[in-house]
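Written out below as structure tokens is the structure these notes cover.
The values are calculated or read from the model by the stated rules, or taken from the named source; none is laboratory data. All of these numbers come straight from a predicted model, not from anything done at the bench. When we count neighbours, we look across all protein chains shown, and the Cβ atoms used for this are built from the backbone with ideal geometry, even at glycine. Note: accessible area is taken over every heavy atom of the protein model, side chains too, but ligands, DNA and RNA are not part of it. Shrake-Rupley method; radii C 1.70, N 1.55, O 1.52, S 1.80 Å.
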Amino acid sequence: MDDTDARGIAVRNDVCAGTAGEGTERGGARADTSETGPEVHGPTGERLEAAVLSGGPADGVRLRLAGRPGVLQVSRPCPAENAPDGMRIAALYLYRRDLKVKTEPLRYGFDGASP
């Protein structure tokens, strides 16, 4: 699933459910309209938690996700000249979960050393 913000950054992760605080249906989940709203559950009933990306090109992006994944992949489409049909090029950025943060919003920091 892709969530894209105004900067054209797509947060890619199968456990993502949309941007926190939107109050809209995204990925089969209902996002809260406030920080203290009711618990949010994904399409299969799993509890979704608020998270924020810190640093890098997606700094400040907020989302909801399930299962506390260790790594999130963020991509930004790149224009390509003469690319074969169906080929898409994207710049990839990795964000790793800050294990010191135990409560919401979970924090994912930019990993500038990852390819």
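Of note:
- Being in a loop (DSSP other than H, G, I, E, B), out of contact with any Gly (no Cβ under 9 Å at 6 or more places or on another chain) and among the hydrophobic types (A, V, I, L, M, F, W, C) holds for only one residue in Ala90, Ala51, Ala58, and it is Ala58.
- Answer residue from the range 80-106, given it is open to solvent by 90 Å² or more (accessible area, probe 1.4 Å) and of a type in the set (A, V, I, L, M) and is modelled with the highest pLDDT among those: Leu99
- Any pair with Cβ under 7 angstrom, 6 or more apart, that starts in the range 32-46 at a residue that is of a type outside the set (Asp, Glu) and ends at one that is modelled with pLDDT of 75 or more and open to solvent by 60 Å² or more (accessible area, probe 1.4 Å): His41/Arg47
- In the range 56-79, residue farthest from Gly45 (Cα to Cα) [restricted to those that are charged (D, E, K, R) and surrounded by 15 or more Cβ atoms within 10 Å (Cβ to Cβ)]: Arg76
- With respect to the conditions (1) on the phi < 0 side of the Ramachandran plot; (2) at pLDDT 75 or above, Gly60 falls short on a single one, namely (1).
- If you filter the range 80-112 down to residues that are free of Cβ contacts under 8 Å to residues at least 12 places away in the same chain and either in contact with a Leu (Cβ under 7 Å, 6 or more places away or on another chain) or β-branched (Val, Ile, Thr) (or both), you find that the one that is farthest from Gly42 (Cα to Cα) is Val101.
- Yes/no for Arg62 being closer than 25 Å to Glu39 by Cα and touching a Pro at 6+ places or on another chain (Cβ under 9 Å): yes
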